[in-house]
1. Shape verdict for the range 67-111, please, from the Cα gyration tensor: rounded (a/c under 1.5), prolate (a/b greater than b/c) or oblate.
2. Using Stokes-Einstein with the Kirkwood hydrodynamic radius over Cα pairs, what translational diffusion coefficient do you get for the range 26-96 at 10 °C and a viscosity of 1.306 mPa s, in µm²/s rounded to a whole number?
3. Given points 7 Å out from each Cα along the Cα-Cβ axis, report the Val69 to Phe84 separation in nanometres with one decimal.
Amino acid sequence: MSENDHVTNRRLEKQKRHIDNEEVKRLEKLVTRLDEITTKSRMRDMAYHFTKPSEVIKTNLIAGVARGVGLTVGTGLFIAILLFILAQFETMPIIGEYIGDLLNVVENERE
């Protein structure tokens, strides 16, 4: 090993952090506590689903309607923005003819 390698190794050793037992125990307690919280949360959710099926149906129905409306609105906005961008290319010499024809087809289908 060269002198530069020894210097680099010494720097790396200084940068390494020594972890003591107290810190490891504190982290283990924290992880255990987080595990308990998530397990209790899942149990509470399961108990809710098994005791009130009408609430579950209502929640899922509302969520399904919201997803459907969101998908419809999002798709409409996406298509509108895409058509707007394509309309900007209509003035270009080569591409404009094809895009103009495409926009005419879209307009005819809308009517």
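1. Working: a/c = 4.59, a/b = 2.05, b/c = 2.23.
Oblate, because a/c is 1.5 or more while a/b does not exceed b/c.
2. Details: Rh = 17.1 Å.
D, rounded to a whole number, is 93 µm²/s.
3. 2.3
Computed from the coordinates by the stated procedures, all read-outs in this text should not be read as laboratory data. None of these values were measured; they are calculated from a predicted model. Reconstructed Cβ throughout: ideal geometry from the backbone, glycine too, with neighbour counts over all protein chains shown.
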